1. Would you kindly compute the Cα radius of gyration of region 195-338 and its largest Cα-Cα separation (Dmax), both in Å?
2. For the peptides 3-16, 86-99, 312-325, what is the packing order when you average, over each peptide's residues, the other Cβ atoms within 10 Å and list the highest mean first?
3. Can you give me the convex hull volume of the Cα atoms of region 167-259, divided per residue and expressed in Å³?
4. Tell me the carbon and sulfur percent of the accessible area for region 1-92, rounded to whole percent, probe radius 1.4 Å.
5. Bins of 10 Å, beginning at zero and ending with the bin holding the largest distance: percent of Cα pairs per bin for region 234-276, please.
6. Order 84, 180 by their accessible area, 1.4 angstrom probe, all chains in place, largest first.
7. Once you have the Kirkwood Rh of region 99-231 from its Cα pairs, apply Stokes-Einstein at 10 °C and 1.306 mPa s and quote D in µm²/s.
8. May I ask you to work out the translational diffusion coefficient for region 1-147 at 20 °C, viscosity 1.002 mPa s, via Stokes-Einstein with Rh from the Kirkwood sum over Cα pairs, reported in whole µm²/s?
Amino acid sequence: MRSITVLSGGVGGARFVSGLRHALAGDPLSAEDARITVIANTADDWWIHGLKVCPDLDTLMYTLGDGIDPQRGWGRRDETWSIKTELQEYGVDRTWFGLGDRDIATHLVRTQMLEAGYPLSEVTQALCRRWLAPAYGDGLRLLPMSDDRVETHLAITDPESPSGRRVVHFQEYWVKLQAKVPAETIVVVGLEESAPAPGVLEAITEADLVIVPPSNPVVSVGTILGVPGIRDALASTAAPVVGLSPIIGGDHVRGMAAQLLPVIGVDVTAEAVGLHYGARSSGGVLDGWLVDSADADALPALRAAGLRAEAVPLLMSDVEATAAMARAAMDLVANGVS
């Protein structure tokens, strides 16, 4: 069985994996002989209203299980908001983070299992029995990057604070502040002490192909790579590792990569992100890097840095376009890595 592993954030990664599945389904030689393992970022997770919420895991689970709200790209389809409204009536804080009535059921089950002593990886497996197993069987597996608690915080500019800055959880920065406040520093609490969840390292080292989709290089893929052992697994795997740029024409398509890349000293270009990941031949994590057709002028520098690079359309406008991206990624490294 051909094994493909994807290191994923939330919305962008989920859409890419849907396209990857579509691409494989269109290839009779691959469809029945492929297994996809998705390693999800969990550094966006947080506790709110007594519930453990894992936004990227849930977005992947709902998207691939056909339960996502297609307009928002997150949360449940046909959602209602009665509980949120009631919390607002009580004057409860942080109701800006929208938990829908149907979505809350997932968080209740997860929280109960965690408090009963189950690790996040086993909880995720249990939740996926509903969402993934009926359609995919063993052909699609979702793993958290770690069972340990890891949370992303940002120091932001705050003129009202005596220091001129304050630290907020990633969800406050992204959902409440909509990434409109300048970020000065990113601190991922617990990352250095974390360990890969069961099955994560094996999913990389035993894969036939590893894909880095167009997820956020800083707070999605970056945090996955920061879990001790994962970067080393990418460096040592016999599988080719190929990535797709989340930056098109000098900007992100969705999210806040354009705001956060400069915080870690990376320019907001497809070339800079590819060089940030780096070629495995020079101590990086990639063998191949796809940029959008609009960024074809970056190819000489990327190739000079040891990356196999091509320019193709990278806008995930629909599932067919995304499937074409996935095929291009597979084709880029299909003949091995020179």
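1. 14.2, 41
2. Ranking, from highest mean packing down: 3-16, 312-325, 86-99.
3. 115
4. For region 1-92, the apolar C and S fraction of the accessible surface comes to 50 percent.
5. In order of increasing distance, the bins hold 28, 46, 22, 4 percent.
6. From most exposed to least exposed: 180, 84.
7. Answer from the Stokes-Einstein relation: 92 µm²/s.
8. For the chosen part, D equals 134 µm²/s.
The values are calculated or read from the model by the stated rules, or taken from the named source; none is laboratory data. All values reported here derive from a predicted model rather than from experimental measurement. Here Cβ is always computed from backbone atoms with ideal geometry, including for glycine, and neighbour counts include all displayed protein chains. Quick note on the areas: whole protein, heavy atoms, side chains included, nothing else; ligands and nucleic acids left out. Shrake-Rupley method; radii C 1.70, N 1.55, O 1.52, S 1.80 Å.
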